[in-house]
Amino acid sequence: MIASSIGLALRQLGRNKSRTALTSLGMLIGVAAVICLVALGRGATKRIEGDLQSFGHNLLFVVPGNEGPGGRGSAAPFREEDARALAQIAGVAQVAPIAARPLRAVRGDQGWRTTVYGVTSDWFPAMGWTIEAGRSFVPGELASGAGVCVLGATVVTELFGAQSPLGLDIRVGKLDCRVVGTLGRKGENTFGQDQDDLVVVPLATVQRRITGNRDVATILVSAADGADSQDVQREVEAVMRVRRHVAAGADPDFFVRDMAEAMGIIDRISTILTAFLGAVAAISLLVGGIGIMNIMLVSVTERTREIGIRLAIGATGRDVLNQFLVEAVVLASIGGTAGVIVGIGASMLVARGLHLPLVVDPEVVFLAFAVSATVGIAFGYFPARRAARLDPIEALRHE
């Protein structure tokens with residue numbers, strides 16, 4: 001019975017292919033929009049989470065000043081002694097003080113504006129960096145402030161092209177340094193920042209030969225596996241309050257940013273935005289449903305005499321109701337099926353263009369299709385009910 005009703009509905013819809021295609025287009029756009037926007041929203045979330053994880057594992061950023069605008073410049077910088085004190089906290093795996101300065105790197109007639117980071121050996125594992133070629137710094141180089149450096153992939157390309165930079169010299173500002181290693185490539189983050197555009201030198205080298213002071217701009221604290229990052233964060237804040245002579249209850253002149261907490265906030269925001277985008281896209285499903293109702297009403301008017309003949313030869317009002325409902329559902333399902341195909345294809349193309357991971361949730365695809373079929377029933381019921389209530393005699397008289 002159902003199969004014959006579907007076959008009859010397909011034959012009826014096939015009589016006017018253009019009208020069927022245009023009516024299904026509304027459902028196609030709605031389903032495709034829901035799938036595509038939700039997939040892109042989740043892809044963006046995954047990309048941001050991946051970028052945050054690339055900073056390192058269980059990472060805390062300790063920065064002088066307040067989080068508000070202009071607060072950082074009014075606070076005294078850190079010292080290496082602060083980092084050594086934080087390293088004594090239980091549950092801490094690595095502590096990496098950092099000093100940074102934007103400078104021009106030069107090799108022969110090639111120059112490139114980049115950022116020079118003065119770091120200790122803990123910086124590499126804390127930030128999740130790997131040495132692609134060569135080595136990192138040895139203890140003697142870190143202690144003496146030697147003129148050695150490790151280059152990011154972008155700086156290697158700009159200064160050396162395809163040539164290996166190992167063992168060669170570059171000038172960074174007024175510092176001459178020998179390249180002892182290169183970093184593995186990370187690429188751009190979600191905010192368009194090139195993570196590979198950097199030159200890494202020992203912290204003592206930056207302090208003695210570039211900045212001329214012992215300032216530390218940021219201290220990275222990596223919590224050990226199994227340690228609660230929130231507990232570590234509280235201990236870090238307590239230690240820094242003592243070292244910076246901040247009275248109990250007073251606002252500190254530093255702040256600690258937990259990357260895990262940032263990831264949680266971003267995840268909640270992206271979930272809300274994805275749901276909002278999906279809801280906005282779902283409005284087009286309602287528009288498509290209105291289009292189906294309009295066409296089905298026109299179809300009832302055009303087929304009034306046919307309905308009268310069916311009622312006259314024994315069909316019941318329920319039979320007519322079911323037939324028109326089946327036609328509405330088939331019409332919506334055609335658009336829904338095409339929308340699934342277009343939505344997945346569009347998600348793939350846009351994700352590739354925006355360099356986002358493709359995250360198509362089968363549940364969302366099924367839900368979008370199910371909603372399109374439900375919309376077909378909801379908006380097809382009124383025309384079907386109107387057809388079922390036609391008087392056979394009056395229907396047969398219709399021209």
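Coordinate-derived values only; no laboratory data. Here the structure is a predicted model, which means the values were calculated and not measured. When we count neighbours, we look across all protein chains shown, and the Cβ atoms used for this are built from the backbone with ideal geometry, even at glycine.
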Straight-line reach from Lys174: which lysines have a Cα under 18 Å away, not including same-chain ones fewer than 8 places off? none
Distance in nm between Ala315 and Ala162 label points, each 7 Å along Cα→Cβ, equals 7.4 nm
Would you mind classifying the range 180-281 by shape? Square roots of the alpha carbon gyration tensor eigenvalues, ordered a ≥ b ≥ c; an a/c under 1.5 is rounded, otherwise it is prolate if a/b is larger than b/c and oblate if not. oblate
With everything on Cα atoms, drop me the angle between helix 259-302 and the longest principal axis of the chain, reported from 0 to 90° to the nearest 10. 20 degrees
In whole angstrom, how far apart do the alpha carbon centroids of the range 92-141 and the range 199-249 sit? 17 Å
Could you grab the relative contact order for the range 76-252? Cα pairs under 8 Å, six or more apart, rounded to a whole percent. 32 percent
Counting only Cβ distances under 4.7 Å between cysteines, those in the chain with no partner are Cys36
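So if R0 is 25 Å, what FRET efficiency would Ala90 and Asn66 give, r being the distance between their Cβ atoms, rounded to the nearest 0.05?
Numbers: r = 28 Å, r/R0 = 1.11.
Plugging the Cβ-Cβ distance into 1/(1 + (r/R0)^6) gives 0.35.
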Which lysines, on any chain, are close to Lys46 with Cα under 24 Å apart, when same-chain ones fewer than 8 places away are left out? Lys186
If I take the Cα coordinates of the chain and project them onto the principal axes, what are the three extents in Å, biggest first? 104, 56, 36
State, to one decimal in nm, how far the label point of Ile131 lies from the label point of Gln110, with both points 7 Å from Cα in the Cβ direction. 2.2 nm
Computed, not fitted: 222 nm per-residue ellipticity of the chain from DSSP H runs ≥ 4 (each -39500 (n - 2.57)), nearest 500, equal to -18500 deg cm²/dmol
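Divide, for the range 76-252, the radius of gyration over alpha carbons by 2.2 N^0.38 Å, where N is the residue count.
Details: Rg = 17.3 Å, N = 177, 2.2 N^0.38 = 15.7 Å.
After normalising by residue count via 2.2 N^0.38 Å, the value is 1.10.
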